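Derivation of every value follows stated rules applied to the coordinates shown; laboratory data play no part. Given the structure is predicted, the values throughout are model-derived calculations rather than measurements. Every residue, glycine among them, receives a Cβ derived from its backbone with ideal geometry; neighbour counts consider all protein chains shown.
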Amino acid sequence: MVEYYICELCNFSTNSAESFSEHLRKHSKSELLKLYELTKLSIENPEKYEELMLEMLKIECESSNRRRNH
């Protein structure tokens, strides 16, 4: 079974821990802190995490639609 590493900040995915570590270096410290908070929330409160992810997806879709319409 192949493990995948997914960056929740930008949806980058890889099956290499080394590649994922290199990718994370491209993010700012504040972005990594947000990623840490998301990861912690996904473990401690999965329901709240899912709500947050759905809200973020809605925002991304709305933003994408606005860009297409202009």
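For the stretch 35-53, a residue qualifies if it is part of a helix (DSSP H, G or I), out of contact with any helix residue (DSSP H, G or I) (no Cβ under 6 Å at 6 or more places or on another chain) and either surrounded by fewer than 10 Cβ atoms within 10 Å (Cβ to Cβ) or among the polar types (S, T, N, Q) (or both), and the qualifying residues are THR39, ILE43, GLU44, GLU47. Residue pairs, Cβ under 7 Å, 6 or more apart or interchain, first in the stretch 46-69 and more than 15 Å from GLU8 (Cα to Cα), second of a type outside the set (Lys, Arg) and part of a helix (DSSP H, G or I). List them. That search, which allows pairs on different chains as well, returns LYS48/LEU41.
Checked against (1) polar (S, T, N, Q); (2) surrounded by 12 or more Cβ atoms within 10 Å (Cβ to Cβ); (3) closer than 15 Å to ILE6 by Cβ, SER21 passes all but a single condition, namely (2). Taken over the stretch 1-34, the criterion of being of a type in the set (A, V, I, L, M) and touching a helix residue (DSSP H, G or I) at 6+ places or on another chain (Cβ under 8 Å) is satisfied by LEU9, LEU24, LEU32. Looking across the stretch 1-37 at every residue that is in contact with a strand residue (DSSP E or B) (Cβ under 6 Å, 6 or more places away or on another chain) and not β-branched (Val, Ile, Thr), the one that is farthest from LEU52 (Cα to Cα) is identified as PHE20.
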